[in-house]
Amino acid sequence: MLNNVLMRYFSVAFLLVSVHAFAEGNQSMALRVVRTTGMADAARGQMRNLMRDAQQKNPDISRSTWDKVARQIESPKLDQEMAHLWAQTYTISELRQIQTFISTPAGRKFFKNNQTLMPRLAACAALESLHAFDILQKERPDRFPPDPKKDAQVKQLFEVLQRGTVAGVRK
């Protein structure tokens, strides 16, 4: 009886240690992917630009406050959080494959361009969605009344298509 209890205990303990080691390996590989792609660095660059704009518009805020904001932006926490999302989304095998792809010239180009391409692709899809909605508005104006915000939305979508960014956010 005691042997069965000990065997179960060690089996559970081994399983927990194995799961933890697997999760750590997955997180570590995900962190390599995040750092290789430069995603966190690109996000930090955008945050720095936003901070510079905010500093210019708010000269009365103390330098020490801006220093705190800058330290937060530069914190490695962003890398860890992004890695956590990658680790939740992909297996360690998939992360290794992604890392291998990133190490190729096409992979580097894909991730470099992806940050401007993805918003542009989303804007393209959103514009097509608006065109489809136009049909409903023309065919059934009683059920689909005109949207007073539509012109502003279309203007913003065209800007994203052209520049890959939204107004006020520098690349």
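General remarks:
- Under the Karplus curve 6.51 cos²θ - 1.76 cosθ + 1.60, θ = phi - 60°, whole-Hz ³J(HN,Hα) for the range 115-126, x wherever Gly or Pro sits: 6, 9, 6, 4, x, 5, 5, 5, 5, 4, 5, 5
- Label-point separation, Ala152 to Leu121 (7 Å along Cα→Cβ), nm: 2.9
- Positive dipole terminus of the range 114-171, leading residue within Phe133, Pro146, Ala122 (C-beta point charges): Ala122
- Computed packing ranks the peptides 141-152, 112-123 as 112-123, 141-152, most packed first, by mean other Cβ atoms within 10 Å.
- Extended-chain gain in nm, criterion 0.36 nm per residue less alpha-carbon gap, Gln46 and Asp67: 5.9 nm
- The charge dipole of the range 26-171, taken about its Cα centre with unit charges on the Cβ of Lys, Arg, Asp and Glu (plus for the first two, minus for the last two), comes to roughly 480 debye.
- More than 20 Å apart - percent of Cα-Cα pairs taken over the range 114-171: 33
Read-outs: derived from the displayed coordinates by stated rules, not from any lab. As the structure is a computational prediction, the values presented were derived from the model and not from experiment. Cβ sites come from the backbone with ideal geometry, for glycine too, and all protein chains shown count toward neighbours.
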